[in-house]
Amino acid sequence: GQLPTWLQGILLRNGPGMHTIGDTKYNHWFDGLALLHTFTFKNGEVYYRSKYLRSDTYNCNIEANRIVVSEFGTMAYPDPCKNIFAKAFSYLSHTIPEFTDNCLINIMKAGDDFYATSETNFIRRINPQTLETLEKVDYSKYVAVNVATSHPHYDSAGNILNMGTSIVDKGKTKYVLFKIPSSVPEREKKKSCFKHLEVVCSIPSRSLLQPSYYHSFGLTENYIIFIEQPFRLDIVKMATAYIRGVSWASCLAFNKDDKTWFHFIDRKTKKEVSTKFYTDAMVFFHHINAYEEDGHVIFDIIAYKDNSLYDMFYLKNLNKDFEEKTKLTSFPTCKRFVVPLQCDKDAEIGSNLVTVPSAATAVKEKDGTIYCQPEILCEGIELPRINYDYNGKKYKYVYATKVQWSPIPTKIAKFNTQTKEMLQWGEDHCWPSEPIFVPSPDAREEDDGVVLTCVVRTDPKEPPFLVVLDAKTFTELGRASVDVEMHLDLHGVFIPEHALKAETE
């Protein structure tokens, strides 16, 4: 096929790549050592490159030829021949664990730099052209957080907004929203933007010892949206996990009888909206988008009835009988919540406060809280992406992977949130990754551009490939086959040519 002449730049993606080291094996797919790969578009041609992230975790494991650094689903233990004192000390030091810097989930842009990220307090700077691993940044040196999300947001000036959890800091557990500036003042050119990090606000956790797990948050023009779900990390269990010989993942628990609370932070005043909004128990990982309309905040997320999704990715389940055995017990559902922030204080109890056209409701309860029920937009999509120029604004299109019976996607889809129409692309025995939308330079409409996805095949004799689709029609424009063993990845970014530093290889 043919690629548009304007498509110049790098698609940079990240995901778990190595699951066996020496005689040891990770328990969970999300634990594998980070493998970065790029597709570089230059004058109608595509170049491929991949490289393991040379994290401290990677270097320690490779040097020892075994897993020596714990990951979320795999606990690593000291060398059996170490003496009793070294072992005892090791047990004690794991109560607040020294987390891994195996940044395998996403890529974050900070100023002119790019970082591989996961959900610990460490991120690693990388060179997107050579995939060389550069310095390690520890968020906890700049803000009191033990974990942070790998799905930050960017404002129009390129500043980063992100959030993390501060575990029992000064006797409190809280969720901290922070901002990293995109540039530093001229006179401080040698300093990093992290030195100018500022805390926007913090939200106390409803439970001191069981903060909510979250993977992303939402943003509109005036509000930050944080969802506190009843899928929680038990800190006491976590502190004793090492001694008990279990993984940190086993310290996560979902309470189906609990509520899910919505928090809205005013971006100007940095204060939380005082009205309490909630919905039923759910587990979710990805926000799609959010916007405001006539005093309401409207946000779309992909939610599940339970937390079974994580368990499916234990490697013992990802075997050759995977297709027969692995059926989703909880299907991903695209839900739209409509939250009346400027509602009438004197509204009747039991009345629906949503006044914009929507099937979603928000009902006032006796105690003044507001119970929100979503509109179901569609089912069976995950890893959602949008045209980011429409982030926080009213939008139409979601690009996502389509899952049918299992958590591994078989197609990619373009979903119209207004008409509910869905376009799909797929081929037999093909497993596509998260689709990324790249707008064309003179885009007039939301879907002017292309969608990129890399595709792994079931048959090892068939090479994997990158496919470029016309975002409007979802027809294939071209594909580039790569004669390597490509890994299934998680998330990534497209870096246009002009955003790359002029670094020579």
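The values are calculated or read from the model by the stated rules, or taken from the named source; none is laboratory data. Computed from a predicted structure; not experimentally measured. For neighbour counting, all protein chains shown are included, and Cβ atoms are generated from backbone atoms with ideal geometry for every residue, glycine included. Note: areas computed on protein heavy atoms with side chains; ligands, DNA, RNA excluded. Shrake-Rupley method; radii C 1.70, N 1.55, O 1.52, S 1.80 Å.
Only protein atoms count toward the accessible area here, which uses a 1.4 Å probe; on the chain, the carbon and sulfur part of that area reaches 51 percent.
Going through the range 270-311, which trypsin sites (Lys or Arg not before Pro) have at most 12 other Cβ atoms within 10 Å and a DSSP loop state? It would help to have the intermediate numbers written out before the result.
Values: sites: 270, 271, 276, 305; in loops: 270, 271, 276, 305.
Listed in order of number, the matching sites are 271.
In the chain, helical runs assigned H by DSSP with n ≥ 4 each contribute -39500 (n - 2.57); averaged across all residues and rounded to the nearest 500, the mean residue ellipticity at 222 nm is -2000 deg cm²/dmol.
Whole number in Å², please: accessible area per residue of the range 9-380, 1.4 Å probe, ligands, DNA and RNA not counted. Could you put the intermediate results ahead of the total?
Values: 16330 Å² over 372 residues.
Averaged over the residues of the range 9-380, the accessible area is 44 Å².
Full extension of the chain segment joining residue 359 with residue 470 gains 36.8 nm, where the gain is 0.36 nm per residue of separation less the Cα-Cα distance. Pairs with C-alpha atoms separated by more than 32 Å, drawn from the list 461/501; 25/335; 411/461; 172/414; 364/420, are 461/501; 25/335; 172/414.
Here the calculated FRET efficiency for residue 344 and residue 268, from their Cβ-Cβ distance with R0 = 30 Å, stands at 0.85, rounded to the nearest 0.05.
Taking 0.36 nm per residue of separation and subtracting the Cα-Cα distance, full extension of the segment from residue 440 to residue 45 would add 140.5 nm. Using the Cβ-Cβ distance between residue 127 and residue 59 with R0 = 22 Å, the FRET efficiency computed as 1/(1 + (r/R0)^6) comes to roughly 0.80. A convex hull fitted to the Cα coordinates of the chain yields 166 cubic angstrom per residue.
Suppose the chain between residue 367 and residue 169 were pulled fully straight at 0.36 nm per residue; how much longer would it get relative to their current alpha carbon spacing? Walk me through the numbers before you get to the answer.
Numbers: separation 198, 0.36 × 198 = 71.28 nm, distance 3.12 nm.
Extending this stretch completely gives an extra 68.2 nm.
From the alpha carbon centroid of the range 113-191 to that of the range 38-80 is 20 Å.
Efficiency by 1/(1 + (r/R0)^6): what FRET value for residue 351 and residue 483, r their Cβ-Cβ distance, R0 = 56 Å, to the nearest 0.05?
On the way: r = 63 Å, r/R0 = 1.12.
According to the calculation, E is roughly 0.35.
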